[in-house]
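So the structure is just underneath, and the comments pick up after that.
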Amino acid sequence: ADSNLRFLCPDWTPLDTASLVASFDLPSLDAFFDVALTDAELSALPADSAQALAAARRSLADFHPIRIHLSPDDLSLTLSLQTAFLPTEERRVIAPHLRPLRFRWQEHTFIPER
């Protein structure tokens, strides 16, 4: 989904989005993977799965859309890597290795949760 993000004060006065977002660096592609697969782990995968995983990572390297979800319950954001544009086999193989990233609001910016 395309997004339009606006920040407002409690009295609904708009805030300068550029200054708020500038302090928040989007994570790299590698941050969304639960672990970095070693060459040995890749070679242990069936050949078609290893090829699909490598193809998915190549496809995501240049363009990796991120869904940002603001929690209605607390001051946190969850970022998820979107893979809908990948071929079905690539999505199937890459899905078990992906993880969402959570950030929480602290003072003036969102920081990663550990």
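Counting the residues of the range 64-94 that are more than 14 Å from PHE33 (Cα to Cα) and part of a loop (DSSP other than H, G, I, E, B) gives 10. Considering only the range 24-51, how many residues are at pLDDT below 70 and either in contact with a helix residue (DSSP H, G or I) (Cβ under 7 Å, 6 or more places away or on another chain) or surrounded by 10 or more Cβ atoms within 10 Å (Cβ to Cβ) (or both)? So the count comes out to 3.
Looking only at residues in the range 67-96 that are surrounded by 15 or more Cβ atoms within 10 Å (Cβ to Cβ) and touching a Leu at 6+ places or on another chain (Cβ under 7 Å), the one that is farthest from LEU26 (Cα to Cα) is VAL93.
For the range 65-114, filtered to residues that are acidic (Asp, Glu) and touching a residue at least 12 places away in the same chain (Cβ under 8 Å), the residue that is farthest from GLN51 (Cα to Cα) is ASP74. Do we find that ASP62 is free of Cβ contacts under 8 Å to residues at least 24 places away in the same chain, under 27 Å from LEU42 (Cα atoms) and among the charged types (D, E, K, R) in this structure? Yes; evaluated as a whole, the condition is true for this residue.
The values are calculated or read from the model by the stated rules, or taken from the named source; none is laboratory data. None of the values given here were measured: they were computed from a predicted structure. For neighbour counting, all protein chains shown are included, and Cβ atoms are generated from backbone atoms with ideal geometry for every residue, glycine included.
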